[in-house]
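Chemist: Below are the structure tokens for one structure; questions will follow.
The values are calculated or read from the model by the stated rules, or taken from the named source; none is laboratory data. Everything quoted here is computed from the prediction, not taken from an experiment. Note: ideal-geometry Cβ built from the backbone for every residue, glycine included; neighbour counts use all protein chains shown.
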Amino acid sequence: MSLSDSKAKFSGLGETVKPALISCPWLLYSASMKVDIKLFTRGLFVLLGVFFIALWSLSLYFVFERVGANTDSGNGFWMFWWEQAMWVLPVLASLLVLAYISTFKSFVWPLLRLSRKMRHVVVARHSGKHENHDELGPGLSLLDRYFRRLTHLATHDPLTGLNTRVIFEERLKQAIVEGKRSGRKYALVFIDIDDFHKVNNEYGHYLADGLLKQMANRLSKGLRESDTVARLEKDDFALLLEFSDREQISNLLGKIYRYLTRRYDVYGRKVKISISVGVAVYPEHGQDIDELSVKADRAMMEAQKGDSPLVFARHNNGKSDYLGYSMVQSLRRALDNNEFRLVFQPVLEVKSNVTSYFEALLRWKNAEEHSFSIQQMIQMAENNQLIKPVTNWIVDNACKSLSLLKHPGVRIAVNLSMIDLHDQELPDRIKASLDRWQVRANELQVEITEGQIMQEPEQVIEILRRLTEMGISLAIDDFGTGQASLTYLRRLPVEKLKIDQSFVKDMVTNAEDRAIVEATIQLAHTLDIEVTAEGVESAAILEMLSSMSCDYVQGYYISRPIDQDQILIWCNDQTRRNAS
Ligand code: C2E
Ligand code: CA
Ligand code: CA
């Protein structure tokens, strides 16, 4: 499946597009005449044949007639030919002139011009530019349309409408040139549907084709305009993504992975698939197409065999700077060996200056060793069906901390991942933890991000409703980043909104952020929802939030996340500070 494997089949733009261009004038002319090409060509040959046979028959007739009439004279034979030449040559000459005028001037020349122009158009399309075809003239618009069709067929997959391998390879070449010039990074991503033959066997080819079309649709929708997506073979897709840092590409690929593996509704049938993704990064994993495609291919094969469905290529020493296979194994080990811990960040009530609750945040020593962010780790767990045990661990340990603390008024908030919200058993599992540690449900709060609600909202709402019925309170995290519809927010029993720290951090200097924060607070209060501002890093921010009647604040200015054994010390210190 690697690009280099199929070199012979697809050696760049030329092999596929050139034959189309060479045969173009003829095809175009026949198309413009709206006749069948074979019929048209055959007809032309028949006409030419008839013309020549008629010409020669006429000549022979005259030869025999004159030769018969002049047998007595020795000069008669040559005289005859001279006389013939007197009229045959001018006729032939005029025919040639006519042929030149009609064929070259009105047919071949414009078609050659058109063909040259269109070659230019193809090259321009390859580099993503769009050309204006006005100068082709109205008379040639039909030919132009026909040519577009030919180009489209040569460059787009007929089933999915995605780019073909030819275009993909061309874009990859351009990306490498661009990367060398500007230092940009590109990820070459190969995606393969696991056991696609089973889909074919189980559902039939018609439905399998429908699935491929939907998958292509999701891929095109989920990407930016600058990214390239192609269908290489049957169920093999490829992406070319520009990115700036490790975190960005991991997050983007995680999103793509989740989007592609969500259930499909193909002609009324629900289809669930799993995919394997192999990624190679320019320049780290290779300097040319062959090297990159071999590495991405190898990574994809590793994904097919291994534990992780998303594998980054590795360096020659076997290590990868990106989230990958070995990390997934470590994550599994971490679960088994209890290598996780929770830290707790206090959230203060602005009016009373008292800690309202602590947000439990996950820490994993290996994540810090590999300098991966906790978000990346959570995402990796999500992508590898490990999030359920991780969330279980978080909830169970948060309940354990609550039961150990036994401090009146101390509540803990846990973060739920998107996958948790599609797990019908989640409420029961949380209930089991509450029971095990004899903790009341109202001591626990769950935080979900805005974006999570928007993915299959009906299902999410149902699970959240069950949680709130148990007495657990609900906060919407990172508010302002996920375009949650207010309609859904109103349907949810939301107690708190947490304004995303990206708006809070710069609100003192940035008037727009300030306006957003203020408007959000007002809107939430009208809906009877309390507001927490996260990312409070200075006294000035705290003061401004207080003047806007923000209910709660969280951030490094108040406290960084602390260990469990620090919670009581923090609470006691606070009581002392408030009393003095
Ligand atoms: P989040 O839920 O929005 O958590 C807040 C993050 O902001 C935490 O980072 C916290 O340490 C950080 N933070 C708090 N105050 C400040 C501040 O003043 N300035 C700055 N720059 N950062 C501040 P952390 O712990 O790295 O967590 C990052 C994200 O990882 C969390 O965002 C959450 O989405 C996810 N996460 C963390 N723990 C868990 C968990 O137990 N379960 C799940 N599902 N996700 C978690
Ligand atoms: Ca949170
Ligand atoms: Ca947040």
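Chemist: Could you please tell me which pairs satisfy a Cβ distance under 7 Å, a separation of 6+ or placement on different chains, a first residue in the range 540-568 that is farther than 22 Å from residue 526 by Cα, and a second residue that is within 16 Å of ligand 2 (Cβ to nearest atom) and part of a helix (DSSP H, G or I)?
Modeler: These pairs meet every condition: 541/504.
Chemist: Give the range 144-202 a look and list any residue that's over 25 Å from residue 214 (Cα atoms) and of a type in the set (Phe, Trp, Tyr), or say none.
Modeler: 146, 147, 186
Chemist: Looking for whichever is within 16 Å of ligand 1 (Cβ to nearest atom), of a type in the set (A, V, I, L, M, F, W, C) and under 26 Å from residue 341 (Cα atoms) here; the options are 463, 476. Which one fits?
Modeler: The unique qualifying residue is 476.
Chemist: Restricting the search to the range 400-415, which residues are outside any helix (DSSP H, G or I) and either more than 28 Å from residue 452 (Cβ to Cβ) or within 16 Å of ligand 3 (Cβ to nearest atom) (or both)?
Modeler: Those that are outside any helix (DSSP H, G or I) and either more than 28 Å from residue 452 (Cβ to Cβ) or within 16 Å of ligand 3 (Cβ to nearest atom) (or both): 406, 407, 408, 409, 412, 413, 414, 415.
Chemist: When you scan the range 503-526, do you find a residue that is in contact (Cβ under 8 Å) with a residue 40 or more places away in the chain and within 14 Å of residue 349 (Cα to Cα), even just one?
Modeler: No, every residue in the range 503-526 fails to be in contact (Cβ under 8 Å) with a residue 40 or more places away in the chain and within 14 Å of residue 349 (Cα to Cα).
Chemist: Given the options 508, 494, 517, name the one that is over 18 Å from residue 361 (Cβ atoms), modelled with pLDDT of 85 or more and within 16 Å of ligand 2 (Cβ to nearest atom).
Modeler: Criteria check complete, one pass: 494.
Conditions tested, residue by residue: (1) of a type outside the set (Val, Ile, Thr); (2) within 13 Å of ligand 1 (Cβ to nearest atom); (3) crowded, with 16+ Cβ neighbours inside 10 Å; (4) more than 23 Å from residue 406 (Cα to Cα).
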position: 542; (1), (2), (3), (4): yes, yes, yes, yes
position: 547; (1), (2), (3), (4): yes, no, no, yes
position: 551; (1), (2), (3), (4): yes, no, yes, yes
position: 555; (1), (2), (3), (4): yes, yes, yes, yes
position: 559; (1), (2), (3), (4): yes, yes, yes, no
position: 562; (1), (2), (3), (4): no, yes, no, no
position: 565; (1), (2), (3), (4): yes, no, no, no
position: 573; (1), (2), (3), (4): yes, no, no, no
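Chemist: Would you tally the residues in the range 340-370 being at pLDDT below 90, crowded, with 20+ Cβ neighbours inside 10 Å and either more than 28 Å from residue 406 (Cα to Cα) or within 16 Å of ligand 3 (Cβ to nearest atom) (or both)?
Modeler: Count: 1.
Chemist: Here's another thing I want to ask about it. Considering each residue of the range 315-339, count those that are modelled with pLDDT of 80 or more and assigned to a helix (DSSP H, G or I), and give that number.
Modeler: Number of matching residues: 4.
Chemist: Could you go through the range 177-191 and let me know if any residue there is of a type in the set (Phe, Trp, Tyr) and surrounded by fewer than 20 Cβ atoms within 10 Å (Cβ to Cβ).
Modeler: no
Chemist: I'd like to check something: does the range 371-390 contain any residue that is of a type in the set (Asp, Glu), within 16 Å of ligand 3 (Cβ to nearest atom) and assigned to a helix (DSSP H, G or I)?
Modeler: no
Chemist: Can you pull out every residue in the range 557-580 that is among the hydrophobic types (A, V, I, L, M, F, W, C) and in contact with a Pro (Cβ under 7 Å, 6 or more places away or on another chain)?
Modeler: 558, 570
Chemist: Okay, moving on. Mind listing just one residue for me: the one in the range 432-464 that is touching a helix residue (DSSP H, G or I) at 6+ places or on another chain (Cβ under 9 Å), closer than 22 Å to residue 531 by Cα and among the charged types (D, E, K, R) and, of those, modelled with the lowest pLDDT?
Modeler: Per the stated criteria, the residue is 450.
Chemist: I'd like to know if the range 452-467 contains one or more residues that are within 26 Å of residue 561 (Cβ to Cβ) and within 15 Å of ligand 2 (Cβ to nearest atom).
Modeler: yes
Chemist: Turning to a different aspect of this structure: Looking at 558, 541, which one is modelled with pLDDT of 95 or more, within 22 Å of residue 447 (Cα to Cα), aliphatic (A, V, I, L, M) and out of contact with any helix residue (DSSP H, G or I) (no Cβ under 6 Å at 6 or more places or on another chain)?
Modeler: So the residue among 558, 541 that is modelled with pLDDT of 95 or more, within 22 Å of residue 447 (Cα to Cα), aliphatic (A, V, I, L, M) and out of contact with any helix residue (DSSP H, G or I) (no Cβ under 6 Å at 6 or more places or on another chain) is 558.
Chemist: Where the second residue is within 16 Å of ligand 2 (Cβ to nearest atom) and of a type outside the set (A, V, I, L, M, F, W, C) and the first is over 21 Å from residue 357 (Cα atoms) and lies in the range 412-440, which pairs have Cβ atoms under 6 Å and are six or more apart or on separate chains?
Modeler: Filtered contacts from the range 412-440: 418/452; 419/382; 420/391; 421/452; 426/420.
Chemist: Among the numbered criteria (1) within 14 Å of ligand 3 (Cβ to nearest atom); (2) without any contact (Cβ under 8 Å) to a residue 60 or more places away in the chain, which one does residue 532 miss?
Modeler: Evaluating residue 532 over (1) within 14 Å of ligand 3 (Cβ to nearest atom); (2) without any contact (Cβ under 8 Å) to a residue 60 or more places away in the chain leaves (2) as the failure.
Chemist: Are any of the residues in the range 448-459 closer than 30 Å to residue 570 by Cα and either more than 14 Å from ligand 1 (Cβ to nearest atom) or touching a residue at least 40 places away in the same chain (Cβ under 8 Å) (or both)?
Modeler: No, because not a single residue in the range 448-459 is closer than 30 Å to residue 570 by Cα and either more than 14 Å from ligand 1 (Cβ to nearest atom) or touching a residue at least 40 places away in the same chain (Cβ under 8 Å) (or both).
Chemist: Could you say which residue among 500, 528 is crowded, with 18+ Cβ neighbours inside 10 Å and of a type in the set (Asp, Glu)?
Modeler: That would be 500, the only listed residue that is crowded, with 18+ Cβ neighbours inside 10 Å and of a type in the set (Asp, Glu).
Chemist: Scan the strands (runs of 3 or more DSSP E) fully inside the range 232-314 and keep the ones with 2 or more residues being surrounded by 17 or more Cβ atoms within 10 Å (Cβ to Cβ) and either modelled with pLDDT under 90 or out of contact with any His (no Cβ under 7 Å at 6 or more places or on another chain) (or both).
Modeler: Hits in the range 232-314: 236-243, 264-266, 275-282, 310-312.
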